[in-house]
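The values are calculated or read from the model by the stated rules, or taken from the named source; none is laboratory data. None of the values given here were measured: they were computed from a predicted structure. Don't worry about glycine lacking a Cβ; one is built from the backbone with ideal geometry, like all the others, and counts go over all protein chains shown. Surface areas here come from the heavy atoms of the whole protein model, side chains and all, with no ligands, DNA or RNA. Shrake-Rupley method; radii C 1.70, N 1.55, O 1.52, S 1.80 Å.
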Amino acid sequence: MTGSMDNIAHLASHPRFQFRRHDVIEPAIVKGPVAEIYNLASPASPLKYQEDPIHTFKTSVWGALNLLELAREKGARILQSSTSEVYGDPTVSPQPESYHGNVNTTGPRACYDEGKRAAETLFYEMSARHGVEVRIARIFNTYGPRLQAGDGRVVSTFIDQALDGAPLTINGDGSQTRSFCYVDDLVEGLMRLMANDEVGSAPVNLGNPDERSISDAAALVLAATGSKSELTWRAMPQDDPLRRCPDISRAQELLDWRPTVSFEEGLQRMIAHMVSERARQRPAAGGGAS
Ligand code: UDP
């Protein structure tokens, strides 16, 4: 829904890569054996998942059921990309997997949060009742190259605004926090979780415990881009969590995993990518004048 074919263009000629366009709310029919399924389907930006909330909810819940049925049929191991949003606006910080969350069932974020919570329940029960081999990753804010500039999430938005010289839009007073995990670290964590034979259906937090305020994130983006953009403040969206920071003890213990890319380093890599994307999409005008 929110991805881009450009993001997989470099894989298209790989002999072991195949792309099929399919909506996971429809049953998944696959010929031949399947060893592993990573369920990463869903828009993840609040801006995008709130555009069609009922479809977002179906993507999480019906999508989970359809892929779990496929895993059951094929005897495949299946990993669910769950989310830190299952903790809602947390009253404890950092959040361990044992924390049951503080989630509004009827607010604007509910379609995503409650959909992901229901999906975890389906994964848990399909494991307990039918012996499906499931893994549940609770992913905290992830960023990196190939995140869409207009996606609405904070890191890509701030970089885009900084590169345009436009004001950086801070929601609320900017004191709310997030913990940003670089995409390569996250992917390594997902693969280790998939490969782990012990963890079963117990959810595992995957994120970077380096907690930053949104104001700090804005200042870092300005410093890293060298932009002279100003800051502008908007109303805080309803149910926007005030704090978010993963307790990653379980991932460290079970998967021997922890993030290795600092926010400063990851920002540099993402900025470099966004700058080269801009050059690719908007080739320099002119060519005659001197
Ligand atoms: N945010 C912001 N300005 C923006 C986009 C987001 O201040 O232009 C804030 C947002 O209100 C939230 C945080 O940044 O407090 C992270 O938002 P994002 O949409 O990236 O993800 P979330 O963690 O809320 O799902």
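Here is how the numbers come out for the structure above:
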read-out: Residue list for segment 223-241, restricted to those being of a type in the set (A, V, I, L, M), open to solvent by 60 Å² or more (accessible area, probe 1.4 Å) and either touching a residue at least 12 places away in the same chain (Cβ under 8 Å) or within 10 Å of the ligand (Cβ to nearest atom) (or both); value: 231, 235, 236
read-out: Per-region count, segment 71-109, residues assigned to a helix (DSSP H, G or I), in contact with a Pro (Cβ under 8 Å, 6 or more places away or on another chain) and more than 27 Å from residue 251 (Cα to Cα); value: 1
read-out: Residue 268 being surrounded by fewer than 17 Cβ atoms within 10 Å (Cβ to Cβ) and under 28 Å from residue 102 (Cβ atoms); value: no
read-out: Neighbours by Cβ (under 6 Å, 6+ apart or cross-chain): first from segment 147-175, modelled with pLDDT under 95 and open to solvent by less than 50 Å² (accessible area, probe 1.4 Å); second assigned to a helix (DSSP H, G or I) and more than 9 Å from the ligand (Cβ to nearest atom); value: 149/160
read-out: Single unsatisfied condition, residue 96 versus (1) touching a Lys or Arg at 6+ places or on another chain (Cβ under 8 Å); (2) more than 18 Å from residue 211 (Cβ to Cβ); (3) not hydroxyl-bearing (Ser, Thr, Tyr); value: (2)
read-out: Selection status of residue 143, at pLDDT 95 or above and open to solvent by 10 Å² or more (accessible area, probe 1.4 Å); value: no
read-out: Count - residues of segment 78-136 that are hydrophobic (A, V, I, L, M, F, W, C) and touching a strand residue (DSSP E or B) at 6+ places or on another chain (Cβ under 8 Å); value: 10
read-out: Segment 204-222, subset in a helix (DSSP H, G or I) and within 10 Å of the ligand (Cβ to nearest atom), residue surrounded by the fewest Cβ atoms within 10 Å (Cβ to Cβ); value: 215
read-out: Residues (among the acidic types (Asp, Glu), within 12 Å of the ligand (Cβ to nearest atom) and over 13 Å from residue 267 (Cα atoms)) located in segment 148-187; value: 151, 173
read-out: Residue check for residue 131: surrounded by fewer than 17 Cβ atoms within 10 Å (Cβ to Cβ), within 14 Å of the ligand (Cβ to nearest atom) and free of Cβ contacts under 8 Å to residues at least 40 places away in the same chain; value: no
